[in-house]
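J.: Have a look at this one before I ask anything.
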Amino acid sequence: MIAVFGLILLTGCGRADLSALRPQGPAAETSYGLMKLSITIMVIVLLIVFSIAAFVMIRFRRKPGQSEIPEQVEGSIKLEILWTVIPLILVVVLAVPTVKAVFAAGNDHWNDKNAIKVKVTGHQYWWEFEYPDYGITTAQDLVIPKGKDIAFELKTADVIHSFWVPSLSGKLDTNPAGTINRFSFSAPNEGVYRGKCAELCGPSHGLMEFKVKSVSEEAFQKWVDGMKKPAAVLLEDPALAKTFKDQCLKCHAVGDQGISVGPNLTGIGSREAIAGILINDDSGVEGASVEENLKTWLHDPKSVKPNNLMPSPKDLGLTDEEIDGIAHYLANYKLN
Amino acid sequence: MAQAAPVLNHSKPLKHGHNVKRHTGLMDWITTVDHKKIAILYLWAGGLFFGIGGLEAILIRIQLIKPMNTFLNAQLFNELITMHGTTMIFLGVMPIIFALMNAVIPLQIGARDVAFPFLNALGFWTFLFGGLLLNLSWVMGGAPDAGWTAYAPLSTSTYSTTHGVDFYTIGLQIAGLGTLIGGINFLATIITMRAPGMSYMRMPMFAWTTFITSAIILFAFPAITVGLVLLTFDRILGANFFEVGAGGNPVLWQHIFWIFGHPEVYILILPAFGIISEIIPTFSRKRLFGYSSMVFATILIAFLGFMVWAHHMFTTGLGPVANALFSVSTMLIAVPTGIKIFNWLFTMWGGQVRFTTPNLFAAGFIPTFTMGGVTGVMLASAPADFQFHDTYFVVAHFHYVIVGGLVLGLFGGLHYWWPKMFGRMLSEKLGKWTFWTFILGFHMTFFVQHFLGLMGMQRRVFTYLPNQQFDLLNLISTIGAGLMGVGTIIFLTNVFLTSRKPVGALDDPWEDGRTLEWSIPSPPPEYNFKQTPLVRGIDALWKEKTAGNKGMTPAEPVGSIHMPSATALPFVMSVGIFIAGLGFMFSRDDFGNAFMSFIFNNYIVTAIGLLITFGSMVLRSVFDDHGWHIEPEELEEG
């Protein structure tokens, strides 16, 4: 046990962009505060129980030759009251801040003029983020201005998912119409935070990740403007452009073209990951380059995310060269 | 009133009895209504499913041993986690609980059998056939894959297209029938069949927890029965209870499931509390400290257990009022649970504690279960639960409670009552090996999972990315799971070796037995008590021992003993339900074979199954069987 505990201390408390133990925003701070309070109370309880247990198990072992009958104690009302009242007090100590925080978390900022509204839709197995005030829709990377309250409205397009960014906030389920949820959080610092789906939603549940990018106010505005701009030249090769338009844009959108059945691809080259799970990292430590990831994905989407709904481009009749060409185009389709 | 028959042997009908129906071999097991034999049936069947669930767990842990592992594919992984949870809870630990209840409760309350021996057999066979049906899914097109909680819409036919979830709904429905029957039977048994002098407040603690558990079963199982019917109708008959597009509401399923599901947790843990409350006094040579507060704590836990279901749904979005109320009600459960822990510790205080294998398990239970309890209180705080929910923290918590609590309790109980059930002592040496490997493996497996959850690993993921600091902890966890497997294998070895030894356990093999089951031979004769004992206080046998008596004072003269007849009807009835269930499940399938399609699509198979079941009921009702008697002369023969 001690060895195991030591190992855990060595590994630290997890990544700053992922761990609930290293909160990066007020909502996660609240949860963390309650965790610390409850862990403190519980460690005290455990120490008391463990000490009494160790004491009685050592002190009252039956000794060889011991044969007299121990006194048959019926009980003790004083002790019973003691270990009823003290736990009750501990429960109250934990319950009061809990109830306070529950009601604080119920404040969703949806009608707050200063808040940025985002409609989150869970799909098997990707995330759609719509900014109703700006008229833009994106996928997988949620871009937010730092320090601002972000008001979320959560729903699902299919099964129940759960929207979770551990370092910024606790999770909330995306339910079907009729039970739509609202909540809010904010990220005071710039940075990229990892988000996950936390409710079993099918085979690729474990791969349904997303990123939250907290950026400066100006960068956010620039990003919004970039998203609103019509898509640049699609692809230079007209034949490939036609293939892209006929095949890919039947489900996806870039800028003002195509439709949003699948994830919106506007500016996909500047995203943190492809399909939410293939992490873009030119250094090769966490993943591969954007283009490599796009190729991996487009050559066989089902092998990256089992049971996802995207048809394999090969099945749609695209050649390897066409796929690589589209990957190259998308990788360089960045918002500047 | 009985006249001595000139020759007494078991094959001859006795004077005023009906024919004595005795069978041997397999038929004996199929037709038995003896609670002691049904206990053994429950134990083997539960043990089999426990083994299957354990293998599933090992496969899950192998897949998670390293990031981006490809040992299992995503679909198979989801089937394994679903079946692991479902199998362990409904088919593994619950039947083993029923095994101990059946083996011990009638003996502890001084009864000759349960109130309804026929129902007892029926309960076992429906459980077994329900469990078999569920596990058939592995070879009949795929196991259920929507998690043991089967949340809609994932569990609806739109998103789970195989028959997997149908096996889940119908298999659990049939198995659940058995549980409900068992629960009602134990309620009736404990209310009506206690020996003279055994008032409620003189009942052994295990009898009390069985009583309360049965009451919880009576109120909780109807909820899952209804839920499963609704889901079955949605999937097979095209109803719309959970179909959003047609006005259904999937959150409704969550409520129904957890209104059953949370009390289910207490159905599992209360019997373990009872077992621990028997073992600790015996091996401390002291009466249970604070008996009456233990009884009231048990009742309070059961009562509160029905008030807290929505704490499984804090992240569903019920709003602050519901979340606050369910947070506080959940935290309150800590109070009666704490009372129990301290009473166990103070039972040992001032005693003479002997660390036999059963008591090792009990001693390991207390700190381990306490750890599961305190994380339970942490989970009760809704804003903190927004982080914990659906992560490995929760996985760690409920395994601490169910494995660290219940399974340790069951191991303790099995070692403790094994001589009473089988007449042979399990090897103490192997028992201690079982304990140390199992508990060490347990803490290795699950302690680290608390941290995995807090560090951002959600549950039910078939794999995870590298570089998230999850790798080492997952490796430790998998090694621990292997160690638990080793512990279980040592236990099985112990059982096998013990079964080859001759029967020879004493009536009171632990020497300090306190309750009635230790006043009769091991294993007991089929009528249990030649004379119903007179109970003169709590810990009835201990009281007689300290008064200097050799055994219990009988409450009646030796007389003929009325026994229930063996019958195959419960088995046949369960086969009928099994056939009907299978038939109903495939009623919408196209078999590509005119005959098969005809008999399934027209509900002919279902009708045949139901005919078998209801026909058996008619037989049972029309032909009275008053049982038979064992005469005093036979008793003297031994």
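J.: Taking N as the number of residues in chain A, what is its Cα Rg relative to 2.2 N^0.38 Å? If you can, show how the numbers build up before the last one.
T.: Working: Rg = 26.7 Å, N = 336, 2.2 N^0.38 = 20.1 Å.
So the Cα radius of gyration is 1.33 times the expected 2.2 N^0.38 Å.
J.: Amide H neighbours of A:T156 under 5 Å, counting only residues 5+ apart in sequence or on other chains, H built in-plane at 1.01 Å?
T.: Excluding prolines and chain starts, which carry no amide H, the hits are A:G122, A:N175, A:A177.
J.: Quick one: among A:I279, A:I48, A:I259, which has the greatest mean-square fluctuation in a GNM of chain A with alpha-carbon springs under 10 angstrom?
T.: Result: A:I48 has the largest fluctuation of those listed.
J.: Dipole magnitude of chain B about its Cα centre, charges +1 at Lys/Arg Cβ and -1 at Asp/Glu Cβ only, in debye to the nearest 20? All intermediate terms of the calculation are to be shown ahead of the outcome.
T.: Numbers: 33 positive and 33 negative charges, 251 e Å.
My answer is approximately 1200 debye.
J.: Next up: Can you work out the PRE-style zone for B:L237? Point 7 Å along Cα to Cβ, and I want the residues of region B:566-604 with backbone N under 14 Å.
T.: So the set is B:584-585, B:587-588, B:603.
J.: Using the basic label-point model (7 angstrom from Cα toward the beta carbon), what is the A:I77 to A:A54 distance in nanometres?
T.: For the pair A:I77/A:A54, the computed spacing is 3.5 nm.
J.: Now for a different question. How much length is gained on full extension from A:D133 to A:R61, taking 0.36 nm per residue of separation minus their Cα-Cα distance? Display every interim value, and only then the final one.
T.: Numbers: separation 72, 0.36 × 72 = 25.92 nm, distance 7.20 nm.
Once the chain is fully extended between A:D133 and A:R61, it gains 18.7 nm.
J.: What's the exposure ranking of B:M596, B:M94, going from fewest to most Cβ atoms within 10 Å?
T.: Values: B:M596 14, B:M94 26.
Ranking B:M596, B:M94 by Cβ neighbours within 10 Å, fewest first, gives B:M596, B:M94.
J.: Once label points are set 7 Å from the Cα along Cα→Cβ at both B:L492 and A:I259, what is their separation, rounded to one decimal in nm?
T.: 5.6 nm
J.: Tabulate in residue order the Karplus-calculated ³J(HN,Hα) for region B:337-350, using 6.51 cos²θ - 1.76 cosθ + 1.60 with θ = phi - 60°, rounded to whole Hz; enter x for Gly and Pro.
T.: Values per residue, Gly and Pro as x: 5, x, 3, 5, 4, 5, 5, 5, 4, 7, 5, 6, 4, x Hz.
J.: Another question, if that's okay. Once the piece of chain linking A:V93 and A:W110 is laid out straight, how much longer is it, given 0.36 nm per residue of separation minus the C-alpha distance between them? Walk me through the numbers before you get to the answer.
T.: Details: separation 17, 0.36 × 17 = 6.12 nm, distance 3.16 nm.
Extending this stretch completely gives an extra 3.0 nm.
J.: Can I ask one more? Roughly how many debye, to the nearest 20, is the charge dipole of the protein assembly as shown about its Cα centre, given +1 on each Lys and Arg Cβ, -1 on each Asp and Glu Cβ, and no other charges?
T.: Computed about the Cα centre, the dipole is about 2540 debye.
J.: Something else: Given Cβ point charges of +1 (Lys, Arg) and -1 (Asp, Glu) and nothing else, what value in debye, to the nearest 20, does the dipole of region A:35-101 about its Cα centre take?
T.: Values: 7 positive and 4 negative charges, 66 e Å.
Approximately 320 debye in magnitude.
J.: Wrap a convex hull around the Cα atoms of the protein assembly as shown, take a quarter of its surface area, and give that in square nanometres.
T.: On the way: hull surface 168.5 nm².
Mean shadow area of the hull around the Cα atoms is 42.1 nm².
J.: In nanometres, what is the gap between the two model label sites at B:M140 and A:V85, each 7 Å from Cα along Cα-to-Cβ?
T.: About 6.1 nm separates the two model spin labels.
J.: Once phi is turned into θ = phi - 60°, what whole-Hz ³J(HN,Hα) does the Karplus curve with 6.51, -1.76 and 1.60 give for every residue of region A:92-102, x standing for Gly and Pro?
T.: The phi angles translate into 4, 4, 7, 6, 4, x, 4, 4, 4, 5, 4 Hz.
J.: In units of 2.2 N^0.38 Å, what is the alpha-carbon radius of gyration of region A:169-238?
T.: Numbers: Rg = 17.0 Å, N = 70, 2.2 N^0.38 = 11.1 Å.
The value comes to 1.54.
J.: Work out Dmax and Rg for region B:544-636 from the C-alpha atoms and quote the Rg first, both in angstrom.
T.: 24.4, 77
J.: I'd like the per residue volume of the convex hull spanned by the Cα atoms of chain B, given in cubic angstrom.
T.: On the way: hull volume 102.1 nm³, N = 638.
Taking the convex hull of the Cα positions in chain B, it is 160 Å³ per residue.
J.: Mind checking the full-extension length gain between B:L218 and B:F306? Use 0.36 nm per residue of separation minus the Cα-Cα distance, one decimal, nm.
T.: The span from B:L218 to B:F306 would gain 30.5 nm if fully extended.
J.: Return the tail of the calculated pair distribution for region A:238-331, meaning the percent of Cα-Cα pairs more than 18 Å apart.
T.: On the way: 1870 of 4371 pairs.
Of the Cα pairs, 43 percent sit more than 18 Å apart.
J.: Between A:A273 and residues 5 or more places away or on another chain, which pairs have amide H atoms under 5 Å apart, with H built 1.01 Å from N, and which residues are they?
T.: For A:A273, the qualifying residues are A:N280.
J.: Another question, then. Starting from the Cα of A:K113, draw a straight line to each of the lysines and keep only those under 21 Å, dropping any in the same chain fewer than 8 residues away.
T.: Filter leaves A:K146, A:K148, A:K222.
J.: Report the relative contact order of region A:238-331, percent, no decimals, based on alpha-carbon pairs under 8 angstrom and at least 6 residues apart. Don't jump to the answer; show the numbers that get you there.
T.: On the way: 111 pairs, mean separation 19.6, N = 94.
Value for region A:238-331: 21 percent.
J.: Could you pull out which residues in region B:48-72 have an amide N less than 18 Å from a spot 7 Å beyond the Cα of B:L475, following the Cα-Cβ vector?
T.: Backbone N within reach: B:61-71.
J.: Could you work out [θ]222 nm for chain A from helices alone, using -39500 (n - 2.57) per DSSP H run of at least four and dividing by all its residues? Round to the nearest 500 deg cm²/dmol.
T.: Working: 8 runs with 121 residues, N = 336.
After summing the helix terms and dividing by residue count, I get -12000 deg cm²/dmol.
No value in this document is a laboratory result; all are computed from the given coordinates. Quantities reported herein were computed from a predicted structural model and do not represent experimental measurements. Cβ atoms come from the backbone with ideal geometry, glycine included; neighbour counts cover every protein chain shown.
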